[in-house]
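One structure is given here, and the rest of the page talks about it.
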Amino acid sequence: MKLRIRKRCFSWSLVNENGQTAAKISNQAFIGGAKKISDAQGNVIFTTGIVNVSKDSQGGNYADSKKYVIYQDAVPIVTATLSFTKKRESEKQLPFMLKLPQVEKLDVETPGGLWIIQRKRNHSFIITCNDIQLGSITPFLSLKPAYFECAETYEAVFWAGIYVLIEYMMHEDDLIVV
């Protein structure tokens, strides 16, 4: 299945090859990261959120870790753990260079098993399970339309939830200046 991602001010639409909206993503509140994922008829199927976890208590992989979660009827059905890139030796020797840590991959626990969402150098994404590719997203930082190619094993609404996790991942390393 090939879905075009149409970004709007506060929402996204995933449109199928026939030009019909397959899923909609919108903010749960005016401010915040939580999203609602609706089917084509506007029925809310999933919600998403970002949960702060400590390294000691809930399986975080570094201090002040986060997990991304997809909920169905307020029950977590998908959780994603972040993995950051390691600094290369050449970067360690340049103390003046400001390079924020980038989320390299997500380990996503789904009803279908452990999925790996890998970020590529050009900011495209590959989704795999047991080394089998389930989906891919064209580069985020491009002026061209974004496309999400995904296995038809899951519905477009579920893929919209996965897209939100990738959106969270993409913005995890944003620099906030106060």
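So, in the range 126-172, of the ones that are among the charged types (D, E, K, R) and within 16 Å of L82 (Cα to Cα), which residue ends up nearest to the chain's Cα centre (by Cα)?
E167
Out of all the residues in the range 127-178, which are surrounded by fewer than 20 Cβ atoms within 10 Å (Cβ to Cβ), at pLDDT 90 or above and of a type in the set (A, V, I, L, M)?
Result: I132, A146, A151.
In the range 47-64, is there at least one residue being within 14 Å of A156 (Cα to Cα), at pLDDT 95 or above, in contact with a Phe, Trp or Tyr (Cβ under 7 Å, 6 or more places away or on another chain) and surrounded by 13 or more Cβ atoms within 10 Å (Cβ to Cβ)?
No - not one qualifying residue is present in the range 47-64.
Looking at the range 9-22, can you tell me whether even one residue there is at pLDDT 95 or above, aliphatic (A, V, I, L, M), within 20 Å of P139 (Cα to Cα) and open to solvent by less than 50 Å² (accessible area, probe 1.4 Å)?
Within the range 9-22 (the criterion being at pLDDT 95 or above, aliphatic (A, V, I, L, M), within 20 Å of P139 (Cα to Cα) and open to solvent by less than 50 Å² (accessible area, probe 1.4 Å)), the answer is yes, since at least one residue qualifies.
Do you know which residues across the range 75-92 are at pLDDT below 95 and open to solvent by 40 Å² or more (accessible area, probe 1.4 Å)?
The answer is F84, T85, K86, K87, R88, E89, S90, K92.
The values are calculated or read from the model by the stated rules, or taken from the named source; none is laboratory data. Computed from a predicted model, the values in this text were never measured in an experiment. Reconstructed Cβ throughout: ideal geometry from the backbone, glycine too, with neighbour counts over all protein chains shown. For accessibility, only protein heavy atoms count, side chains too; no ligands or nucleic acids. Shrake-Rupley method; radii C 1.70, N 1.55, O 1.52, S 1.80 Å.
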